Amino acid sequence: MAASLPLLATLAGMAAATASTRLAGAWLASRLRPGGRAVRLLEAVPGIVLAALVAPTALATGGVETAACGLAALLAWRAPAIVAVIGAVALAAGLRGAGL
């Protein structure tokens with residue numbers, strides 16, 4: 001595929017938009033000092049985003065996937081992420097191997 005001027009302009013625009021939002025976020029974060037409630041909310045954001053991404057898959061698929069996602073959530077609460085992933089994959093493989 002040959003690179004055309006509109007394609008290159010689109011890529012440059014997307015790169016500029018990405019860079020500007022990152023720089024603006026860093027600039028804003030260096031000037032704001034959130035209070036206790038805002039800090040607690042910001043600390044909860046990664047878990048909330050993860051739940052929003054995983055929940056549709058966990059609930060819209062079969063029982064094996066739902067069980068694996070549940071185990072991953074329980075393991076991720078107390079163990080490193082790699083342990084949660086390996087445990088969930090092992091459970092899914094075991095249930096699939098058992099014919100479920």
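The values are calculated or read from the model by the stated rules, or taken from the named source; none is laboratory data. Owing to the predicted nature of the structure, the values given are computational and were not obtained by experimental measurement. Reconstructed Cβ throughout: ideal geometry from the backbone, glycine too, with neighbour counts over all protein chains shown. To get the accessible areas, we keep the full protein, side chains included, count just its heavy atoms, and leave off ligands, DNA and RNA. Shrake-Rupley method; radii C 1.70, N 1.55, O 1.52, S 1.80 Å.
What the table below lists for this structure:
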quantity	calculated
Selection count, segment 30-69, where residues are open to solvent by 80 Å² or more (accessible area, probe 1.4 Å) and in a loop (DSSP other than H, G, I, E, B)	2
Residues satisfying the stated conditions in segment 80-93, i.e. among the hydrophobic types (A, V, I, L, M, F, W, C), free of Cβ contacts under 8 Å to residues at least 24 places away in the same chain and surrounded by 13 or more Cβ atoms within 10 Å (Cβ to Cβ)	Val83, Ala84, Val85, Ile86, Ala88, Val89
Conditions (1) modelled with pLDDT under 90; (2) out of contact with any Asp or Glu (no Cβ under 8 Å at 6 or more places or on another chain): number failed by Gly13	(1)
Some residue of segment 1-13 being under 22 Å from the mean Cα position of the chain (by Cα), assigned to a helix (DSSP H, G or I) and of a type in the set (A, V, I, L, M)	no
